[in-house]
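**Student:** Handing you this structure, nothing more for now.
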Amino acid sequence: MTSKQVEKGMSPGAIEKLKKDEGFRSEPYPDGKNSKSIGYGIHESAHPDIFHKYGSPITKEQGHNQLTQVVERHERDLKNRLGSETWERLTQGQRDAIQRTAYNAGPKRTAETIGPDLKAGNPDKAADKLEKMAPQGMVGDRKVDLTARRRKEAEDFRQSGNQATGNCSMM
């Protein structure tokens, strides 16, 4: 596969990064003020059907299945919101970075934030915005700093664009 050719869905390496970043919990745990998450951060209010699919406790395999279902759902949503033409111009690494950010920030917010820059052919501006999205998360009532994670996702987005085109230009 050339650097511009793209797999369907998030790459296996990006899934593993996301699993490592999220960590695994077999039992539901508080996530935000009025909700819970399970497995690799599957949020009950965002994805109730997936959250409740296996009951609890869940195995790592079930957690992996839940994660891939959410990622597939997010990818369809991102592609729809950004437009097929814009989505298809992205490299696999750029798509992976966007999807890892959208896992916490949500596909709607992610697409609304970076979509205009991607459509205008300004991937560096899109990467700058990815880096600033969802800098904090919640585990129960405790804030979690996600700035290093967002920085890495933006860096991965930039590097993937540079590898594909030599200058991160999408046109």
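No value in this document is a laboratory result; all are computed from the given coordinates. Here the structure is a predicted model, which means the values were calculated and not measured. Positions of Cβ are generated from backbone atoms using ideal geometry, with glycine treated the same way; all protein chains shown enter the neighbour counts.
**Student:** At q = 0.11 Å⁻¹, what log₁₀ I(q)/I(0) does region 12-165 have when each alpha carbon counts as one equal point scatterer in the Debye sum?
**Tutor:** -0.41
**Student:** Then there is this: Compute the angle between helix 60-82 and the longest alpha-carbon principal axis of the chain, please, reported from 0 to 90 degrees and rounded to the nearest 10.
**Tutor:** 40 degrees
**Student:** About the Cα centre of region 12-165, what is the dipole size in debye to 20, counting +1 per Lys and Arg Cβ and -1 per Asp and Glu Cβ, all else neutral?
**Tutor:** I would put it at about 220 debye.
**Student:** Pick from 31, 49, 128: which is most flexible by mean-square fluctuation in a GNM of the chain where alpha carbon atoms under 10 Å apart are linked?
**Tutor:** It is 49.
**Student:** Right, another one. Using the 2.2 N^0.38 Å rule of thumb for compact globular proteins, work out how region 64-137 stacks up: its C-alpha Rg over that value, please.
**Tutor:** Taking N as the residue count of region 64-137, the ratio is 1.02.
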